[in-house]
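Worksheet: one structure, shown below.
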């Protein structure tokens, strides 16, 4: 017999977060989260995403053992302001038992029906800055710190239950040697002169901080046209600033400003922390922090997180400035490979940015959708 239990206490939430460690214990491609950070993400007292969202956390139990988990999420900004009647689900992990998945999804459906929502989509998080999708290809490639790993049967379970593909995401990588540094330097200088622009490169985190709020404002402007984009609030900006900015090597943040000092483009990359997180095994202390700090210095692999260009300057070649600045910095410290985080398959603009670097699609992932009324209820 399989039963469901809602997880609410600190002890229960820790069990919720730790469950995937049992599924992927011997998987060389799974990148575990830091348990404390994951608990903070799911804590309504800490994560400002809960200002506009509501979440319920469930586990499936069989023979007194957790065999599955799911988060049922409602983003009320999306529902009320954008009139998108979506019931989200994420943090989805299960053993290979379709009945477990069926029971977990049924709970998501029940919450959606109760709140008069029309369809379910997942796996997704609270917003576009959270992890997304189940893997459909590339199971033999190591993950990143901002993606969920998933076994092949996750996809099969959802499709057996009648879910259909909603969004497809690609993950690509390329060798830095494929970037023609002198070419981008020439184009960069030309564009700077034409539009009276200037690169901002940083030597320490303190120099970056005055621009962070403006960067997130530009992020909102850049990505607002993507499907189901949910704007980032001021409190969320402060949250991400504390969580991530202090941990980024200044060489990995590039800004472009106009003649008045206004930010018009940015790029953010980070060292790959995947292997360091595997060694940390979910804990910063006593040794996890040392693995992460070591990975921060002189990495061979970096992950591209965000590139944003003010709509007024799009299609004017500003990304050449960012590519040139990154190439200069990365060649100096010996970076060899750039990995791109999941990008929508139909986001042709972002794919065009990277086309000259001979990118290789090494993973695919997708979210699944189903009308709430169509889901079979026991």
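Taking the stated definitions as given, is residue 360 within 30 Å of residue 90 (Cα to Cα) and either touching a residue at least 24 places away in the same chain (Cβ under 8 Å) or not assigned by TED's automatic domain parsing to the domain that holds residue 30 (or both)? Yes: the conditions hold for residue 360. Residues that are outside any loop (DSSP other than H, G, I, E, B) and farther than 30 Å from residue 24 by Cα were ranked within the stretch 40-85; the one that is modelled with the lowest pLDDT is 81.
Does residue 94 qualify as being crowded, with 21+ Cβ neighbours inside 10 Å and closer than 30 Å to residue 242 by Cβ? In short, no. Is there a residue in the stretch 225-244 that is in the same structural domain as residue 301 (by TED's automatic domain parsing) and assigned to a strand (DSSP E or B)? Looking for residues that are in the same structural domain as residue 301 (by TED's automatic domain parsing) and assigned to a strand (DSSP E or B), one finds none in the stretch 225-244, hence no. Among the criteria (1) out of contact with any strand residue (DSSP E or B) (no Cβ under 7 Å at 6 or more places or on another chain); (2) surrounded by fewer than 21 Cβ atoms within 10 Å (Cβ to Cβ); (3) closer than 20 Å to residue 360 by Cα, the one residue 288 does not fulfil is (3). In the stretch 77-98, the condition of being more than 18 Å from residue 132 (Cα to Cα) and within 20 Å of the chain's Cα centre (by Cα) is met by at least one residue. Only residues that are surrounded by fewer than 22 Cβ atoms within 10 Å (Cβ to Cβ), touching a residue at least 60 places away in the same chain (Cβ under 8 Å) and over 28 Å from residue 168 (Cα atoms) were counted across the stretch 333-351, and they come to 1.
Within the stretch 156-164, the presence of a residue that is out of contact with any strand residue (DSSP E or B) (no Cβ under 7 Å at 6 or more places or on another chain), modelled with pLDDT under 95 and not in a loop (DSSP other than H, G, I, E, B) is excluded. All of (1) modelled with pLDDT under 95; (2) surrounded by 20 or more Cβ atoms within 10 Å (Cβ to Cβ); (3) within 22 Å of residue 52 (Cα to Cα) hold for residue 133 with one exception: (1). Here the condition is being over 25 Å from the mean Cα position of the chain (by Cα) and under 30 Å from residue 328 (Cα atoms); of 171, 214, 185, it holds for 185 alone. Scanning the stretch 39-67 for residues that are more than 19 Å from the chain's Cα centre (by Cα), over 21 Å from residue 234 (Cβ atoms) and touching a residue at least 40 places away in the same chain (Cβ under 8 Å) yields 56, 57, 58, 59, 60, 61, 62, 66, 67.
What residue, among those in the stretch 193-204 that are within 31 Å of the chain's Cα centre (by Cα) and either surrounded by 10 or more Cβ atoms within 10 Å (Cβ to Cβ) or touching a residue at least 60 places away in the same chain (Cβ under 8 Å) (or both), is farthest from residue 327 (Cα to Cα)? Here the residue is 197. Restricting 124, 108 to residues that are in contact (Cβ under 8 Å) with a residue 24 or more places away in the chain, in a helix (DSSP H, G or I) and surrounded by 23 or more Cβ atoms within 10 Å (Cβ to Cβ) narrows the list to 108.
Per-residue answers, yes or no, for (1) touching a helix residue (DSSP H, G or I) at 6+ places or on another chain (Cβ under 9 Å); (2) within 25 Å of residue 337 (Cβ to Cβ); (3) in the same structural domain as residue 214 (by TED's automatic domain parsing); (4) surrounded by fewer than 23 Cβ atoms within 10 Å (Cβ to Cβ):
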site	(1), (2), (3), (4)
248	yes, yes, yes, yes
254	yes, yes, yes, no
293	yes, yes, yes, yes
316	yes, no, yes, yes
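Considering the stretch 234-250 alone, what residues qualify as being in contact (Cβ under 8 Å) with a residue 24 or more places away in the chain, under 28 Å from residue 197 (Cα atoms) and out of contact with any strand residue (DSSP E or B) (no Cβ under 9 Å at 6 or more places or on another chain)? Matches in the stretch 234-250: 237, 238, 240, 241, 246, 250.
The values are calculated or read from the model by the stated rules, or taken from the named source; none is laboratory data. Here the structure is a predicted model, which is why all the values come from computation and not from measurement. No Cβ is skipped: glycine too gets one built from the backbone with ideal geometry, and neighbour counts run over all protein chains shown.
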